[in-house]
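Here the structure is laid out as structure tokens; the discussion comes afterwards.
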Amino acid sequence: MSSAASGEKHVLFPIFLKLGGRRCLLVGAGKTAEEKISSLLASGALVTVVAPSATPKIQGWARAEKLVWLKKKFQSQDLDGIFLAVLATSSKAVNRAVFQEAQQRGILCNAVRDRSYCDFYYPAVVRRGPLQIAISTAGHSGALAQRLREELEREFGPEWESWLHWLGEARSSLYADPLSPRRRRTMLRRLASRKTQDEMFRRWGLLPNPSKR
């Protein structure tokens, strides 16, 4: 199916975004907002929440000064200085108004419950330390994205975090050596190969040793 037939004018551009120190706005403070806020806080974003009321968890984050909660309805000036906005309200009118204002200001926006007002979609994510595998259905089926995430979580277990850290250290050592670019590329590919991975997993006791079978 083409992107046009699926409701998208263009193919989505996949990206992993650095939000550390950037101001992000959440409009709405219910249960739906909690998960989005949690991921933003984990990314180091400076989060402001605008909503007349909030869940106990969000109120707790505000008391702990992990975010700023503005206890009121949304106003256009709430978007001043904002880099990214997430709309977690059940009101289509509010979502539309905030999205239109964000569009005029060039602010990336996502309405959690309405793909019509989205510049981007939240993927289902498998996280293993530095490794992140993101799955998107462009808002067509969150249930399918979650199912695929669960399948990938079984395939890529917690041991992959240690493996990625080891690869990072090995890469740094290679770049510290006076190797030719060609030799370095060959070594980097060898380090990331399935053979080397299996050897390391066996050394860590994560795979059976063929010699002992």
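Can you give the helix-only mean residue ellipticity at 222 nm for the chain, where every DSSP H stretch with n ≥ 4 adds -39500 (n - 2.57) and the sum goes over all residues, rounded to the nearest 500 deg cm²/dmol?
-13000 deg cm²/dmol
For K72, list the lysines whose Cα falls under 19 Å from its own Cα; do not include residues on the same chain fewer than 8 positions away.
Partners within reach: K31, K57, K92.
Would you pull out the residues with amide H under 5 Å of R23's amide H, same chain only if 5 or more places away, H placed 1.01 Å from N?
L46, F83
Using Cα springs under 10 Å in a Gaussian network model of the chain, which residue among L70, L46, L17 shows the largest mean-square fluctuation?
Residue with maximal mean-square fluctuation among L70, L46, L17: L17.
Hey, which lysines would be in cross-link range of K18, C-alpha to C-alpha under 20 Å, not counting anything within fewer than 8 residues on its own chain?
K36, K66
Let me check against my output: what whole-number percent is the relative contact order of segment 33-128, with C-alpha pairs under 8 Å and at least 6 apart?
After rounding, I find 19 percent.
Could you look at the chain and say what percent of its accessible area is carbon and sulfur, using a 1.4 Å probe and all protein chains?
52 percent
For the Cα atoms of the chain, what angle does the longest principal axis make with the long axis of helix 159-176, in degrees from 0 to 90, nearest 10?
Roughly 70 degrees between the two axes.
For segment 17-69, report the % of Cα-Cα distances exceeding 13 Å.
Of all Cα-Cα pairs in segment 17-69, 50 percent lie more than 13 Å apart.
Do me a favour and compute the ellipsoid semi-axes for segment 118-213 from its Cα gyration tensor, root of five times each eigenvalue, largest one first, whole Å.
31, 21, 10
On C-alpha positions alone, give me the angle between the axis of helix 181-191 and the longest principal axis of the chain, in degrees, nearest 10.
Tilt relative to the chain: about 90 degrees.
Among [x] 34, 20, 18; [y] 40, 20, 19; [z] 29, 17, 17, which is the computed semi-axes √(5λ) of the Cα gyration tensor in Å?
Label of the calculated value: [y].
What residue among L144, L25, L87 has the largest mean-square fluctuation in a Gaussian network model of the chain, using Cα springs under 10 Å?
Highest fluctuation of the listed residues: L144.
Cα axis of helix 31-42 to longest principal axis of the chain: angle in degrees, 0 to 90, nearest 10?
50 degrees
Name the long-range amide H neighbours of N110: under 5 Å, sequence gap of 5 or more, or other chain; modelled H, no Pro or chain starts.
A85, V86, L87, D119
What residue among W166, W61, W69 shows peak mean-square fluctuation when the chain is described by a Gaussian network model with Cα springs under 10 Å?
Highest fluctuation among the options: W166.
Report, as a whole number in µm² per second, the diffusion coefficient that Stokes-Einstein gives for segment 45-145 at 25 °C and 0.890 mPa s using the Kirkwood radius over alpha carbon pairs.
Diffusion coefficient, whole number: 163 µm²/s.
The values are calculated or read from the model by the stated rules, or taken from the named source; none is laboratory data. Keep in mind that what you see is a predicted model, and the values were worked out from it rather than measured. With ligands, DNA and RNA removed, areas are computed over all heavy atoms of the protein, side chains included. Shrake-Rupley method; radii C 1.70, N 1.55, O 1.52, S 1.80 Å.
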